[in-house]
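Peer 1: Quick one: structure below, then a few questions.
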Amino acid sequence: MALTYISVSFLIVSLLSIFFTSTSVRADLINDVCSKTQKPAICLSALKGDPRSKNANLEGLATISIDISLKNMQSGRDLVNSLLKQATDSKLKTRYDSCLENYNDSIDDLKELPPFLKSKDYLGLNVHASAALNGPTTCDDNFSSPPAEAPQLKAASDKLVELIEIILVISNLLRG
């Protein structure tokens with residue numbers, strides 16, 4: 001009887017230990033990834049805010065980062081579309097039209113990432129994620145002279161750069 005109690009107790013303690021170690025390792029993985037980004041707080045918020053990150057390895061975190069980046073890029077494109085429709089200044093219309101093209105190109109680049117990840121082509125993943133950065137940064141460059149970029153578009157572009165950076169960090173870690 002005492003042997004059974006000891007065996008069950010040992011089993012419970014072992015399972016709890018494995019659970020807490022696994023949870024700690026996942027948190028450490030996210031912290032490790034995010035510590036390598038320019039703005040760790042944005043990275044931590046994005047990754048920890050997704051319930052899939054709880055049990056994710058590096059490839060899982062890459063998938064999550066791609067999904068979050070794509071969703072935000074699509075929202076950015078929708079914002080540009082809205083600003084384009086509201087614009088009355090011809091210069092702004094031209095710039096927003098250019099931005100719309102930039103964002104659409106970046107959406108295409110982000111949609112190309114999952115096959116690279118699946119095939120473990122981490123260099124290809126990195127190259128195409130880098131290409132996706134061009135949309136928001138080129139859009140921002142369109143506003144180097146007046147009229148100024150809408151603050152909400154600048155904020156969206158800045159966030160996108162930070163989100164795509166997470167993909168770049170993960171791809172570099174996966175490459176070893």
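Peer 1: For K36 and S130, FRET efficiency with R0 = 25 Å and r from the beta-carbon atoms, rounded to 0.05?
Peer 2: According to the calculation, E is roughly 0.95.
Peer 1: Right, next: Roughly speaking, what is the stretch gain from K120 to D89, that is 0.36 nm per residue apart minus the C-alpha to C-alpha distance, in nm to one decimal?
Peer 2: 6.5 nm
Peer 1: Once you have the Cα-Cα distance between E112 and S75, take 0.36 nm times their residue separation minus that, and quote the gain in nm to one decimal.
Peer 2: That pair, E112 and S75, stretches by 11.5 nm at full extension.
Peer 1: Grab the beta carbon distance between R175 and D97, set R0 = 41 Å, and tell me the FRET efficiency rounded to 0.05.
Peer 2: The formula returns an efficiency of 0.65 here.
Just so you know, all these numbers are worked out from the coordinates, no wet-lab data involved. These numbers were taken from a predicted model, which means no experiment stands behind them. No Cβ is skipped: glycine too gets one built from the backbone with ideal geometry, and neighbour counts run over all protein chains shown.
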